[in-house]
Amino acid sequence: MPQKHRQQQGTFHITTAVRDRMPICTESGMPERLIHHLGETRGMQGAKLFAFCILPDHIHLLLSPGKKGLSAFLHAFKKNSSRDIPSLFWQKGYYDERIRDDKQRGTVIGYIQGNAMKHNLVTDITDWPWTSLHFPEMLDPMEVWL
């Protein structure tokens, strides 16, 4: 059954996975291509990207999707990355959590940056190469919320 995403504007923590959880996102050359498509989609959609982590079978994003909304951003990202990477098939849908305040946003950034540790891929978050910690030029400045 398709998901209904009523909230399309705001700041969101997104998790989206590869179909059947195939661990291909970190195969040679894949993360770089996914990061390229994140940047490209950000530009096309007028989105703001605040954090990301690419794991073997899924990715986490913290973003504001732009005028066309969350569904349009994810559709464009998945379509363009799948077109460029023929072996990549995304699961239908995605999980989204709307961020409501600075505290929640800070918690989510920590969760995203530490996700490779959670999955026992590294013992220190700075050792995982496919996180936005290593790509600050890809990130937009975050507004202070009061």
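Brief remarks on what is shown
- For the stretch 90-146, GluC sites (Glu not before Pro) are listed when DSSP marks them as loop and at most 12 other Cβ atoms sit within 10 Å of their Cβ; the list is 143.
- Kirkwood Rh in Å, taken over all unlike Cα pairs in the chain: 15.4 Å
- Top positive-direction residue, dipole computed over the chain with Cβ charges, set 36, 132, 16: 16
- Per residue, the average separation of C-alpha pairs within less than 8 Å and at least 6 apart gives the chain a relative contact order of 32 percent.
- Candidate cross-link partners of residue 78 among the lysines, defined by an alpha-carbon separation under 21 Å and a same-chain spacing of 8 or more, comprise 4, 48, 67, 68, 92.
- Placing +1 on the Cβ of every Lys and Arg and -1 on the Cβ of every Asp and Glu, with nothing else charged, gives the chain a dipole about its Cα centre of roughly 760 debye.
- For the stretch 95-146, chymotrypsin sites (Phe, Trp or Tyr not before Pro) are listed when DSSP marks them as loop and at most 14 other Cβ atoms sit within 10 Å of their Cβ; the list is 145.
- Charge dipole (the stretch 11-131, unit charges on Cβ, about Cα centre) - positive-most of 58, 123, 77: 77
- For the stretch 89-146 and the stretch 1-78, distance of Cα centres in Å: 12 Å
Each reported figure results from applying straightforward, stated rules to the coordinates on display, with no laboratory input. Please read all numbers here as calculations on a predicted model, not as lab measurements. With ideal geometry, Cβ positions are generated from the backbone for all residues, glycine too; neighbour counts draw on all protein chains shown.
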